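This report concerns only the one structure given below.
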Amino acid sequence: PKVLQEGALDPLVRLLGSDDPEICFEAAGALNNLAATGAQTKYEIAMAGAMAPLIRMMASSDVKLAAQAAGTLASLCEIGEAQAQVVLEGGLRPAVSAVRS
C-alpha cells in the first residue's frame, strides 16, 4: 500500500506505545486495516515491531482497547511469521485469557 511506501509503518507502530489508550486504539485499527491488504503487508507489520505492543494492549483492562488489539493480532497471525512472534513475545497466555473472559 502507498501509505507504507510513504513511511507510515514505523510511526504507526510507535503510536502503539502511547500512554493515551485512544491513540493506541486508533493505531491498532489502522494497522488492522493495512493488514487486510495482503500477506506481505502483514509480514511487514509483524516485523516492524507491532506484535509486542499489541500483546500488551490485549491484556489491557480497557475492553475496547483489548478487543482492538486482539482483532489486529488475529489478522496478523494469518501468516506464520506473526504466529511465531506471538509465541516469542509471550502472547499465548494473554490470548488464552482474552478468550476465557
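Descriptive notes on the structure:
- For Ser18, the requirement of being open to solvent by 80 Å² or more (accessible area, probe 1.4 Å), of a type in the set (S, T, N, Q) and more than 12 Å from the chain's Cα centre (by Cα) is not met.
- Restricted to the stretch 72-96, and to residues there that are out of contact with any Leu (no Cβ under 8 Å at 6 or more places or on another chain) and of a type in the set (A, V, I, L, M), the residue that is most open to solvent (accessible area, probe 1.4 Å) is Leu88.
- When residues of the stretch 27-71 are limited to those that are surrounded by fewer than 16 Cβ atoms within 10 Å (Cβ to Cβ) and β-branched (Val, Ile, Thr), the one modelled with the highest pLDDT: Thr37
Per-residue answers, yes or no, for (1) of a type in the set (Phe, Trp, Tyr); (2) farther than 19 Å from Val86 by Cβ; (3) in a helix (DSSP H, G or I); (4) in contact (Cβ under 8 Å) with a residue 12 or more places away in the chain:
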| site | (1), (2), (3), (4) |
| --- | --- |
| Pro11 | no, yes, yes, no |
| Arg14 | no, yes, yes, no |
| Ser18 | no, yes, no, no |
| Ala28 | no, no, yes, yes |
| Leu34 | no, no, yes, yes |
| Lys42 | no, no, yes, yes |
| Met47 | no, no, yes, yes |
| Ala52 | no, no, yes, yes |
| Ser61 | no, yes, no, no |
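- Gly49 meets each of the listed conditions (1) on the phi < 0 side of the Ramachandran plot; (2) small (Gly, Ala, Ser); (3) touching a helix residue (DSSP H, G or I) at 6+ places or on another chain (Cβ under 7 Å) apart from (1).
- Total residues in the stretch 75-101 satisfying the condition of being modelled with pLDDT of 90 or more and not in a loop (DSSP other than H, G, I, E, B): the figure is 2.
The values are calculated or read from the model by the stated rules, or taken from the named source; none is laboratory data. Model, not experiment: these values are computed from the prediction. Cβ sites come from the backbone with ideal geometry, for glycine too, and all protein chains shown count toward neighbours. For the accessible areas, the whole protein counts, side chains as well, though only heavy atoms, and no ligand, DNA or RNA atoms are used. Shrake-Rupley method; radii C 1.70, N 1.55, O 1.52, S 1.80 Å.
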